């Protein structure tokens, strides 16, 4: 249902049928004040508010709206806004095409989603009512993925004609990674170069079904996996932990090369196990009088099973994996720890001496 309907006349007609038989006083277009939650935002923000980030003015979103002229019975058969695209026009967030007015009486429920390219359907025939998204495909290129968002605000009073406040919530999981030199021996620090970090078998597509808690709907038909190279280059690790990012990546709010995946279970014991593959190399070094040559690329695979709470990625949750690499093993001098094992005791019985004969019985 991607149609745009100009409803100024329709709003007047609806108002005329209300209990008060009132007309719309003044032309008052429905406008919005969208925000995106800060801590998990992947789309680039316009501000640095500590609580919320303004929705990027370069983006747009879509809205379904339903009116209850008597304040209680909503008309789902005739939407007030039927999958209408909303964009920023001169600082005002309103319909990209057409004019949509507040009805004179009653309340209005608003349901929004981003981006408007998603295949969205509003379901009113079952509870909870809300937006279903079919065939969501996040993409696999870091920095070019979509970051699906949903928002709902209910029972807005038409009489006061407010700017509709929308707080968008993320429905995927976001992943980022940090790296640092975990070596405690000062003379060995700065010898490790991280070369590549790959997240294996991450899910990128599925269907989203609304829920009673905004943003916490269920995912199904999760059937696509991809490997995400979250870092590739040659960064000499320092003791200070830092997010891995690169010139080819679009940075998230903390400058990390973050990406989003479909929330799903973390599995183990199958070919589709989710894991982090880390590649690094070591420069030549000297320790305890021994010269160690440079070590070419090493590869370590870290299973994610057992590292994510409840072994499930959650909607709207950001996962930062902190990876430390240490060279302290090279400083392990050959040492001994001698102990004496206790005597084994064996009870030997059945020995009886005949005292009269001074012989064994």
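The values are calculated or read from the model by the stated rules, or taken from the named source; none is laboratory data. Here the structure is a predicted model, which is why all the values come from computation and not from measurement. Here the Cβ positions follow ideal geometry from the backbone for every residue, glycine too, while neighbour counts run over all protein chains shown.
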Quiz item: Out of segment 123-135, which residues are part of a strand (DSSP E or B) and either under 16 Å from residue 112 (Cα atoms) or in contact with a helix residue (DSSP H, G or I) (Cβ under 8 Å, 6 or more places away or on another chain) (or both)?
Solution: 123, 130, 131, 132, 133, 134
Quiz prompt | Residue count for segment 157-175, restricted to those that are closer than 24 Å to residue 207 by Cα and crowded, with 22+ Cβ neighbours inside 10 Å | solution = 8
Quiz item: Cβ-Cβ below 7 Å, separation at least six or inter-chain, first residue in segment 331-348 and over 30 Å from residue 288 (Cα atoms) and assigned by TED's automatic domain parsing to the domain that holds residue 183, second at pLDDT below 70 and surrounded by 10 or more Cβ atoms within 10 Å (Cβ to Cβ): which pairs?
Solution: none
Quiz item: Between residues in segment 159-183 that are on the phi > 0 side of the Ramachandran plot and not assigned by TED's automatic domain parsing to the domain that holds residue 214 and residues that are at pLDDT 90 or above and surrounded by 18 or more Cβ atoms within 10 Å (Cβ to Cβ), which pairs lie under 6 Å by C-beta distance while being six or more apart or on different chains?
Solution: 161/102
Practice problem: Determine if segment 276-284 includes at least one residue that is at positive phi, in a loop (DSSP other than H, G, I, E, B) and either more than 17 Å from the chain's Cα centre (by Cα) or in contact (Cβ under 8 Å) with a residue 60 or more places away in the chain (or both). | Solution: no
Quiz item: What are the residues in segment 314-341 that are in a loop (DSSP other than H, G, I, E, B) and either in contact with a helix residue (DSSP H, G or I) (Cβ under 7 Å, 6 or more places away or on another chain) or surrounded by 10 or more Cβ atoms within 10 Å (Cβ to Cβ) (or both), if any?
Solution: 314, 315, 316, 317, 326, 327
Quiz prompt | Answer residue from segment 141-156, given it is at pLDDT below 90 and farther than 18 Å from residue 59 by Cα and is surrounded by the fewest Cβ atoms within 10 Å (Cβ to Cβ) among those | solution = 141
Exercise. Name, by its number, the condition in (1) under 15 Å from residue 177 (Cα atoms); (2) buried (at least 17 other Cβ atoms within 10 Å of the Cβ) that does not hold for residue 227.
Key: (2)
Practice problem: Mind counting the residues in segment 73-116 that are outside any strand (DSSP E or B) and either touching a strand residue (DSSP E or B) at 6+ places or on another chain (Cβ under 8 Å) or more than 27 Å from residue 211 (Cβ to Cβ) (or both)? | Solution: 19
Self-check item: Matching option when the condition is farther than 25 Å from residue 143 by Cβ, at pLDDT below 90 and under 28 Å from the mean Cα position of the chain (by Cα), among 270, 250
Solution: 270
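Would a scan of segment 304-313 turn up a residue that is in contact with a helix residue (DSSP H, G or I) (Cβ under 7 Å, 6 or more places away or on another chain), part of a loop (DSSP other than H, G, I, E, B) and over 19 Å from residue 181 (Cα atoms)?
yes
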